[in-house]
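The values are calculated or read from the model by the stated rules, or taken from the named source; none is laboratory data. Remember, it's a predicted structure, so these values are computed and weren't measured experimentally. No Cβ is skipped: glycine too gets one built from the backbone with ideal geometry, and neighbour counts run over all protein chains shown. Ligands, DNA and RNA are stripped out before the accessible areas are found, and what is left, the full protein with its side chains, is counted by its heavy atoms. Shrake-Rupley method; radii C 1.70, N 1.55, O 1.52, S 1.80 Å.
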Amino acid sequence: MTKIRIFAPAYNVAGSIQALLEEMDDVSALLEKSYGYDLEMFVINDNSSDNTGAILSEAHAKYPWLSVRHNSENLGNGINIMAGYEWASEADIAGCLDADGEHSPYAMIRHLKMITEGGYDGVVGSIIFPD
């Protein structure tokens, strides 16, 4: 089974993180059922001052594919991205996703297909605007 690890630094995203996690749950189930992929996600809460931490703690109990770390101080996006890649280093495929909902997790299905079937070593970015 191909192991996929996706991580997301999160800071003050209480308004969007729940929808992102619900979409990731759909994507996780689809990837496992249709392609035999094992998806794990790691969200790093960078000491958010809103309700992000509580939402992530509740989601961690609900979703078996989700790991969460709560920073005790704000470390900044760069340090959290480095920590995410370190966590993901044991995966067959690793990626970073914004936690603010601007990137659709559903696009990962297309990206993974490009990597596994199209001979690409990687795919970078996909912001989908409604219009």
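If you go through region 1-15 and pick out every residue that is buried (at least 16 other Cβ atoms within 10 Å of the Cβ) and either in a loop (DSSP other than H, G, I, E, B) or of a type in the set (Lys, Arg) (or both), you end up with 5. Inside region 83-109, residues that are part of a helix (DSSP H, G or I) and surrounded by fewer than 13 Cβ atoms within 10 Å (Cβ to Cβ) make up a count of 1.
Here ASN51 meets the list (1) open to solvent by less than 50 Å² (accessible area, probe 1.4 Å); (2) without any contact (Cβ under 8 Å) to a residue 40 or more places away in the chain almost entirely, failing just condition (1). The single residue among SER34, SER57, SER72 that is part of a helix (DSSP H, G or I), over 20 Å from ILE115 (Cβ atoms) and open to solvent by 50 Å² or more (accessible area, probe 1.4 Å) turns out to be SER57.
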